[in-house]
């Protein structure tokens, strides 16, 4: 005999109940219902991970992504595209799951993206990669139950920069041209961007008092560094009607200056784009305590509840 476990624990932000068939259990085992705190214990039944799926080959480098798929979902679910940090020069998607577990708890699908480092592709190579990852999500929406009306893109540090570029670029920018030729999609858009202390103005950290060696390394292969830095900067693409943005940034960040968040907010305000800046007083580069992190997530959920559309009927 099979039993049906109605799962609300992974769906708090999605308002979706699902049924999971499990093997027969003894009366003693089956008498305790699932509670809101049980999502971790049940996650292995509800989620599968498709690892190292190739989404493009650029030059001699093939880039991959992982799909964390909510198998309990029968309809399209909100989908997070997560992009790791590392100053465009180091890091990998393998270290990312802790950063997107809160979305797993809420029943979202997650696409965890790898991109080329500066050692294999100078700017704007990483930007081209993540745009192609977004295209891959669109092209595989039916297979994985991605809701293309409820895509949120997020990342930390350089990943925050790439999340901004993923969501703010338009096809007219020409940075989608490197994507696989067989990829056919409607115009790509995301519902919101969650930017954790990302770079908004690459030129500002390429030279001058805020110069950062990781930016210099990423632009090392560019002939006209200032032009490519501008092409690779979210501030270049701020426009009315773009996706809303929430930014979390410490005002004592020693790696990505807090002024990067202030510039982005000012530019978004000027064109009337909905946005929020969550400032962590005294916060360095991601060095937030538990209370500060929880505060940031409370603001993120409030923001996403307001801007991400409800599921289609």
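Just so it is clear, none of the values below were taken in a lab; they were calculated from the coordinates. Quick caveat, the model's predicted, so the values are computed rather than measured. Cβ sites come from the backbone with ideal geometry, for glycine too, and all protein chains shown count toward neighbours.
Some notes on this structure:
- Cα Rg, Dmax (largest Cα-Cα span) when computed across the chain, Å: 20.0, 71
- Gyration tensor (alpha-carbon) shape descriptor, segment 240-313, a/c threshold 1.5: oblate
- Residue order, fewest to most surrounding Cβ atoms within 10 angstrom, among 279, 213: 213, 279
- In units of the rule-of-thumb radius 2.2 N^0.38 Å, segment 143-221 shows an alpha carbon radius of gyration of 1.31.
- GNM result for the chain, Cα springs below 10 Å: residue of 100, 146, 90 fluctuating most strongly: 90
- Helical content alone sets the calculated 222 nm signal of the chain at -8500 deg cm²/dmol, taking -39,500 (n - 2.57) per DSSP H segment of four or more residues and averaging over every residue.
- Theoretical gain in end-to-end length, residue 119 to residue 239 [0.36 nm per residue, Cα-Cα removed]: 40.0 nm
- Helix 290-307 axis, angle to the chain major axis (alpha carbon atoms, nearest 10°): 90 degrees
- Centre separation in Å (Cα based) which lies between segment 243-313 and segment 188-235: 18 Å
- In this calculation the C-beta distance from residue 40 to residue 230 is compared with R0 = 41 Å, giving a FRET efficiency of 0.40.
- Share of pairwise Cα separations in segment 157-313, more than 20 Å, in percent: 53 percent
- Taking the number of Cβ atoms within 10 Å of each Cβ as an exposure proxy, the fewest-first ranking of 135, 150 is 135, 150.
- Largest GNM mean-square fluctuation across 83, 193, 246, computed for the chain with C-alpha springs under 10 Å, falls on 246.
- Sorted peptide list for 112-123, 46-57, criterion being average Cβ within 10 angstrom, highest first: 112-123, 46-57
- Each of 285, 161, 249 was scored by other Cβ atoms within 10 Å of its Cβ. Arranged with the fewest first, they read 285, 249, 161.
- Summarising the strand pairing of the chain, around 40 percent of its internal DSSP beta bridges are antiparallel.
- Most tightly packed first, judged by the mean number of other beta-carbon atoms within 10 Å of their residues, the peptides 304-310, 234-240 read 234-240, 304-310.
- The chain: angle of helix 125-139 to the longest principal axis, Cα-based, in degrees nearest 10: 30 degrees
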